[in-house]
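Here's the structure we're looking at; comments come further down.
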Amino acid sequence: MNDLLKGINVFLVGMMGTGKTTVGNLLARQLGYSFVDTDEVVEKTTGKTINQIFADEGEENFRQIESEVLSQVAAHTRLTVATGGGLVLRRFNWSYLHHGIVIWLDAPVDVLIARLQNDTTRPLLQNDNPAQALQTLLDQRKSLYAEADLHIRISANDTPEQIVSRIIAEIPDVLK
């Protein structure tokens, strides 16, 4: 697989709760790559949580910081990168994503709700109807996620290991 990839980065995109960080870590190990989570880098760089950035500076400033982080990360090779769910919203970010393989982890909203119901770290879900908020976000982003090179559908029963196996099995088709 490493020879096939020739060191190009693998970017995971998709909604919050799809498992980009968990799957990304496992995938990186399988590929012999390093793992980077852009949300973690944003937090380390700014010294603030994503919730704090949203509260203090707003979503637009967060998206700008996220783009800057992506540009720095994309300058490296042999990385598996878990991106923030909204990173695809800025067209400019695709100029970095297209230098690697983009994999869309796609889970239905009911699966996302089950995974995120007790998660207070998601600023876009801090409202009375998180399921509706997730559905609205997914509707806004679906056509952008669909630009990924590889679309991996996830069900409630899929383990991270099964998802990684499917990704590894399907990467060669993308590279042809």
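Observations
- Modelled spin-label separation between Glu170 and His99, with each label point placed 7 Å from Cα along the Cα-to-Cβ direction: 2.5 nm.
- The P(r) of the chain has a tail past 27 Å containing 22 percent of all C-alpha pairs.
- For the chain, adding -39500 (n - 2.57) for each run of n ≥ 4 DSSP H residues and dividing by the number of residues yields -17000 deg cm²/dmol at 222 nm.
- 0 to 90° range, to nearest 10: angle between helix 130-145 axis and the chain longest Cα axis: 40 degrees
- Counting charges near Phe11 (Lys, Arg +1; Asp, Glu -1) among other residues having Cβ under 10 Å from its Cβ returns a value of 0.
- Compared with the dominant Cα axis of the chain, that is its longest principal axis, helix 160-175 is turned about 60°.
- Inter-label distance, nm, simple model (7 Å from Cα along the C-beta direction), Gln132/Glu147: 3.0 nm
- Taking other C-beta atoms within 10 angstrom as a stand-in for reagent exposure, Leu144, Leu79, Leu175 fall in the order Leu175, Leu144, Leu79, fewest first.
- Packing-based exposure ordering (other Cβ within 10 Å, fewest first) of Phe62, Phe35, Phe92, Phe11: Phe92, Phe35, Phe62, Phe11
- Packing-based exposure ordering (other Cβ within 10 Å, fewest first) of Arg153, Arg78, Arg141: Arg153, Arg78, Arg141
- Taking other residues whose beta carbon is less than 15 angstrom from the beta carbon of Val41, and scoring Lys, Arg as +1 and Asp, Glu as -1, yields -2.
- Relative to the longest principal axis of the Cα atoms of the chain, the long axis of helix 20-31 makes an angle of roughly 20 degrees.
- FRET efficiency estimate (nearest 0.05) - Cβ-Cβ, Arg78 to Ala55, R0 41 angstrom: 0.70
Computed from the coordinates by the stated procedures, all read-outs in this text should not be read as laboratory data. What you are looking at is a predicted structure, and each value in this text was computed from that prediction instead of being measured. Cβ coordinates were reconstructed from backbone atoms using ideal geometry, including for glycine residues, and neighbour counts include every protein chain displayed.
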